[in-house]
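Q: Pasting in a structure now, in structure tokens, and then I'll have a few things to ask.
Rule-based calculations on the coordinates, nothing more; no lab input. Values in this document were obtained by computation on a predicted structure and should not be read as measured data. In this analysis, Cβ positions are derived from the backbone assuming ideal geometry, glycine residues included, and neighbour counts consider all displayed protein chains.
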Amino acid sequence: MLHAWLGSAPRPSAVCALIALAALLLSVLGGHPHGIDPAWIAALLCGIPILYTAVRELICTRKIHADLLAAAALIAAAAVGEPRAAGWIALIMQFGTMLEEQIILRAQRSVDALYTQERSVCIDAYAAPLVRSAQRTAQQLILLAPLLAGAIWWGTDDIDRAVTALVVFCPCAFVHATPMAVSAAIASLARRGILLRTGSALERLSRMENIVLTPEVLSPTGYMPADAQHLITQLRRMGMHPVLLAPADAKDAVHIAAQAGIRDVRTALPPQNDPFAVSSALVQRAADGRHPAHGDCLHISMGGTSRSTADVVCPAEDLRHLPAMLGTARQMRQKIEQNTLFGCMLNFIALGLAACGYLSPLSGALWHNAAAIFIVLNAALLFTTEEREKKIAFSTSL
């Protein structure tokens, strides 16, 4: 009930941002016609949505939002009589948030459009386990920030340095960059016709060590494709261990494995909770169905439809999609790890600069938003993976 009453968090429009910018410029030029600093207008126009979002998330969802640190910095700046600093912080933080949200919204629309073409429901990137883990990390950093800012204030007796520490340590990059990477990877696969059915499929795919194939998916027409052995070699170079899963009475299984270059032939997979099964991706035809004994494996359906119960659905029975599928998932995880490391490094560097007095609240807000936008754009590069691969393939063919 309270969630419905509070409604969605308001966001300032471009008009409000322009008014706030004009008020701040007037404040800098010394225009105080009625004795009131116009910077208060900017602080209120852009600061209220930040404060509202932080309070709403805390009350309605009982989650600590990244805007909580920005709100604390604004309140501290206003409390010590620095409306200009509060106004600039609010404007820069809101401008950065608006830009980040536009990038993410554009990415999500691209994913939704691709899934609509396939008549499938797109999974929510924010529901992926990787995103939830990043949000937990962000909440831990938010709880750490006031302690660090308090220590800086106690050690330097300078409130501006403490305010700057709150601004630069805001973990917006963790909140936005991870779902951006997940959405970009989903879109990159969807352009190839590969659909994900579960939120954990991408993360599991990025950690797979074994690729289990059936005779039917290797030779659907009864004849081994000419490039089958090259495909197996390519998967092996990616660190995957190829396995042929065939019934005990399958006479051609050993012959098919020899033709494809597979040395590990099995009649059954290990029981559930076995490390081999957990780290295996089972690739089979859609007609074969999902066997309860293979519950721990990541199921990849070749030639399936959007209604398939597999974790990953590839409408075309073309095994050449497998390297691209694995490569995209690993690139996504690599981007997330890069952004996490880069974000932490920039936050702590900025924290040190703020403690030494080299960053003001204004320059700290600029630092924070520049770093956050860079990290989000780095994650968005996954959208161009397919185009880069096509250019490389075309140049190689020449």
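Q: With 10 angstrom as the radius, rank Ser206, Ser301 by how many other C-beta atoms surround their C-beta, starting from the fewest.
A: Neighbour counts put them in this order, fewest first: Ser206, Ser301.
Q: So for region 299-364, what are the equivalent ellipsoid semi-axes in whole Å, largest first, each being the square root of 5 times an eigenvalue of the Cα gyration tensor?
A: 46, 11, 8
Q: Going by how many other beta carbons lie within 10 Å of each one, how would you line up Tyr358, Tyr223, fewest first?
A: Least to most surrounded, the residues fall as Tyr223, Tyr358.
Q: May I pose another question? Along the Cα-to-Cβ line of Val265, 7 Å from the Cα, sits a label point; which residues in region 199-227 have backbone N less than 12 Å from it?
A: 215
Q: Additional query: Quickly work out the Arg285-to-Ala324 label distance, labels modelled 7 Å from Cα along the C-beta direction, and quote it in nm with one decimal.
A: 2.3 nm
Q: Just grab the label-to-label distance for His230 and Arg191, each label 7 Å out from Cα along the Cβ direction, in nm (one decimal).
A: Modelled inter-label distance: 2.3 nm.
Q: To continue, here is another question. Compare the peptides 207-213, 259-265 by average per-residue count of other Cβ atoms within 10 angstrom and give them in order, highest first.
A: Highest-to-lowest ranking by the protection proxy: 207-213, 259-265.
Q: Treat each spin label as a single point 7 Å out from the Cα along the C-beta direction, and report the Leu25 to Cys356 distance in nm.
A: In this crude spin-label approximation the distance works out to 3.5 nm.
Q: Among Ile89, Ile373, Ile36, what is the fewest-to-most ranking by other Cβ atoms within 10 Å?
A: Ascending Cβ contact count within 10 Å gives the list Ile36, Ile373, Ile89.
Q: Then there is this: Just to confirm the filter: which trypsin sites (Lys or Arg not before Pro) across region 60-90 are DSSP coil and have at most 16 other Cβ within 10 angstrom of their Cβ?
A: Arg62, Lys63
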